[in-house]
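Report on the following structure.
The values are calculated or read from the model by the stated rules, or taken from the named source; none is laboratory data. Worth saying up front: this structure is predicted, and the values here are computed from it rather than measured. All Cβ positions, glycine included, derive from the backbone under ideal geometry; neighbour counts span all protein chains shown. For the accessible areas, the whole protein counts, side chains as well, though only heavy atoms, and no ligand, DNA or RNA atoms are used. Shrake-Rupley method; radii C 1.70, N 1.55, O 1.52, S 1.80 Å.
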Amino acid sequence: MLIEFIAVTVEDAKLIEKSGADRIELVSGLTEGGITPSYGLIERVVNSVSIPVNVMVRPHGQSFCYTEDDFSIMKNDIRIIQSLGANGVVFGVLDKKGDVDFPRLEELLTDIGPMEVTFHRAIDSSNNLIKAAQQLDQYKEITTILTSGGFGDWETRLETLKKMKETCTSTDILIGSGLTKENISQVHKQVATNCYHFGTAIRKNHNTLEGVSLEKATEIVHTLK
């Protein structure tokens, strides 16, 4: 079982570790779906907790299709994040047609070093989730795919998640977006990827602009473990 919670501050990260979660996804701009945090924040969080910290690499929240300047920034961010001691990076790239941009993905992977890689929810905006997951599963550097199974009602998304899980033989399917203390048991029963990602569900008043609630985070950990 892997439980990952989103942190946007050092205090978030400390509370997440205290809750018993397994991993932190560190981001800024949670209201934008997550963008790259500052180097100062990354360094402080990595040095403040003992559980793994995976860092978002996303230069802006406009789309998952990036300009040459955006892409250059992402490559540089990855190198610096590695130097700061993070466990992994979280990113996704699509081309103008809405497919995974594999040439750029492969270029980013050359700078990864020993870090883990999560291909994030950009996949949910791609044209064919199942095909994209199958292709991403071929890259040994990619350890995790973060996905909500696309968009729409839960039942449809759960069926997609099941197919993604069946398709991927070496990559973990990390289910995120829309998970709550109330629905996680049912989702786990139906899909059982054993990898779950929570954002607003662990925050005070379920508000992206408020901090982590230790009580909410601990409840979710206890529900799953």
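Does residue 92 fit the bill of being at pLDDT below 95, small (Gly, Ala, Ser) and touching a helix residue (DSSP H, G or I) at 6+ places or on another chain (Cβ under 8 Å)?
On the way: at pLDDT below 95: no; small (Gly, Ala, Ser): yes; touching a helix residue (DSSP H, G or I) at 6+ places or on another chain (Cβ under 8 Å): yes.
In short, no.
Among the candidates 167, 208, single out the residue that is closer than 24 Å to residue 53 by Cβ and either without any contact (Cβ under 8 Å) to a residue 24 or more places away in the chain or among the hydroxyl-bearing types (Ser, Thr, Tyr) (or both).
Working: 167 fails: closer than 24 Å to residue 53 by Cβ.
Result: 208 is the single residue among 167, 208 that is closer than 24 Å to residue 53 by Cβ and either without any contact (Cβ under 8 Å) to a residue 24 or more places away in the chain or among the hydroxyl-bearing types (Ser, Thr, Tyr) (or both).
Looking at 53, 93, 46, just one residue is more than 16 Å from residue 6 (Cβ to Cβ) and aliphatic (A, V, I, L, M), and that residue is 93.
The single condition among (1) open to solvent by 30 Å² or more (accessible area, probe 1.4 Å); (2) assigned to a helix (DSSP H, G or I) that residue 187 does not satisfy is (1).
Test residue 130 against the criterion of being of a type outside the set (Asp, Glu) and either part of a loop (DSSP other than H, G, I, E, B) or without any contact (Cβ under 8 Å) to a residue 40 or more places away in the chain (or both), and give yes or no. Criteria met by residue 130. Residue 124 meets all of the listed conditions (1) closer than 20 Å to residue 35 by Cα; (2) open to solvent by 40 Å² or more (accessible area, probe 1.4 Å); (3) assigned to a helix (DSSP H, G or I); (4) of a type in the set (Asp, Glu) but one, namely (2).
Look at the range 136-157 and say how many of its residues are of a type outside the set (Lys, Arg), out of contact with any Asp or Glu (no Cβ under 9 Å at 6 or more places or on another chain) and modelled with pLDDT of 95 or more. Lay out the reasoning, then the answer.
Within the range 136-157, the subset of a type outside the set (Lys, Arg) is 136-139, 141-156.
Those still in the list that are out of contact with any Asp or Glu (no Cβ under 9 Å at 6 or more places or on another chain) too: 136-138, 152-156.
Going one step further and asking which of them are modelled with pLDDT of 95 or more, we end up with 136-138.
The qualifying residues number 3.
With 73, 80 as the choices, which residue is over 19 Å from residue 145 (Cβ atoms), among the β-branched types (Val, Ile, Thr) and open to solvent by 50 Å² or more (accessible area, probe 1.4 Å)?
Details: 80 fails: open to solvent by 50 Å² or more (accessible area, probe 1.4 Å).
Checking each option against the conditions leaves just 73.
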